Amino acid sequence: MGIDPSAKVHASAIVEDGATIGANCTVGPFCTIGTQVKLGTGVELKSHVVVTGDTEIGDETVVFPFSVIGEIPQDLKFAGENTKLIIGKRNRIREHVTMNTGTAGGGNVTRVGDDGLFMAGCHVAHDAQIGNNVILVNNVAVAGHVVIEDDVIVGGLSGLHQWVRIGRGAIIGALSMVTADVLPHALVQGPRGELDGLNLVGLKRRGVARADITALRAAFLMLKQGEGSFQERAARLAEESDSEYVREMVAFITGDSDRGFLTPK
């Protein structure tokens, strides 16, 4: 507990008793750090940042001015119980971002992975579970209990409905309202968030083998045009494809869903 001797804390910053400031941290002018906060090694708070609640921020994360991290949930059912916000390593949290702690009804923890970019004005609500290498573009609103898997990009001014899951490697276009689960590696765009194909650019950038991309294309076509229900078509895919990417998609479809799925048009 306490402030590591190597940390640099501006004279105008307020660090409450009980807070932990790790080695080589930088706390800029007019920041406020609450009593339960833990900052890992090399965390930088630029200036005018509020970090409060039972909040952990991982090594080398940078938080830009006027962000509010770890405030209580915007949930009327919240009754003051002790819940947490855990943020991983090497995240970039830009100006005016808000991230809330969890609720008792959602597992008590809001969690953010490593190496994310949260652009100006984004909101991460209570009990959201965000993976690694996620990018939320300016003013994205992530509602409560949302799950965002690794390598997802959400375009600016988009909204994710409560309990929605966004599969690994998906991309959401700007100005989209997403109200149902998004398949891994999918492309979603349009005002009401329609499934519009695969995130081919993202797959190629990540070096996915041509054979797997071809298998995903075939799987997407079968999900769109095959016989039977969406779930039945997914079950047949599991039997017919050897691609780990297709199997990942099938596992996502057959997993628990509170909102149903965006399906190919």
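Go through segment 147-166 and count every residue that is part of a loop (DSSP other than H, G, I, E, B) and either under 15 Å from Ala128 (Cβ atoms) or not aliphatic (A, V, I, L, M) (or both).
Residues flagged as part of a loop (DSSP other than H, G, I, E, B) and either under 15 Å from Ala128 (Cβ atoms) or not aliphatic (A, V, I, L, M) (or both) within segment 147-166 amount to 11.
How do the strands (runs of 3 or more DSSP E) wholly within segment 1-97 filter down when requiring 2 or more residues that are open to solvent by less than 50 Å² (accessible area, probe 1.4 Å) and in contact with a Leu (Cβ under 8 Å, 6 or more places away or on another chain): which remain?
Correct list: 54-57, 68-71.
Enumerate the pairs (first residue in segment 98-114 and closer than 16 Å to Ala79 by Cβ; second residue anywhere and open to solvent by 40 Å² or more (accessible area, probe 1.4 Å) and basic (Lys, Arg)) with beta-carbon separation below 7 Å, excluding pairs fewer than 6 apart on the same chain, so at least 6 apart or on different chains.
Thr101/Lys84; Gly102/Lys84; Thr103/Lys77; Gly105/Lys77; Asn108/Lys84
On the basis of being touching a helix residue (DSSP H, G or I) at 6+ places or on another chain (Cβ under 8 Å) and within 15 Å of Gln36 (Cα to Cα), does Thr55 make the cut?
Considered against the rule, which asks whether it is touching a helix residue (DSSP H, G or I) at 6+ places or on another chain (Cβ under 8 Å) and within 15 Å of Gln36 (Cα to Cα), Thr55 comes out as no.
Considering only residues that are within 24 Å of Asn138 (Cα to Cα) and among the hydroxyl-bearing types (Ser, Thr, Tyr), look in segment 98-113 and name the one that is surrounded by the most Cβ atoms within 10 Å (Cβ to Cβ).
Among those that are within 24 Å of Asn138 (Cα to Cα) and among the hydroxyl-bearing types (Ser, Thr, Tyr), it is Thr110.
Considering segment 114-129 alone, what residues qualify as being within 11 Å of Ile86 (Cα to Cα) and open to solvent by 10 Å² or more (accessible area, probe 1.4 Å)? Spell out how you get there, then give the answer.
Initially, segment 114-129 is screened for residues within 11 Å of Ile86 (Cα to Cα), giving 114, 127-129.
Asp114, Gln129, listed by residue number.
Would you be able to tell me the number of residues in segment 241-265 that are surrounded by 14 or more Cβ atoms within 10 Å (Cβ to Cβ) and farther than 13 Å from Pro184 by Cβ?
Summing the residues that are surrounded by 14 or more Cβ atoms within 10 Å (Cβ to Cβ) and farther than 13 Å from Pro184 by Cβ in segment 241-265 gives 5.
The rows are residues; the columns are (1) touching a Leu at 6+ places or on another chain (Cβ under 7 Å); (2) on the phi < 0 side of the Ramachandran plot; (3) assigned to a loop (DSSP other than H, G, I, E, B); (4) open to solvent by 20 Å² or more (accessible area, probe 1.4 Å).
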| residue | (1), (2), (3), (4) |
| --- | --- |
| His145 | no, no, yes, yes |
| Arg168 | no, yes, yes, yes |
| Ala174 | yes, yes, yes, yes |
| Arg192 | no, yes, yes, yes |
| Gly197 | yes, no, no, no |
| Gly202 | no, yes, no, no |
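The values are calculated or read from the model by the stated rules, or taken from the named source; none is laboratory data. All values reported here derive from a predicted model rather than from experimental measurement. Glycine gets a Cβ as well: all are built from the backbone with ideal geometry, and neighbour counts include every protein chain shown. Surface areas here come from the heavy atoms of the whole protein model, side chains and all, with no ligands, DNA or RNA. Shrake-Rupley method; radii C 1.70, N 1.55, O 1.52, S 1.80 Å.
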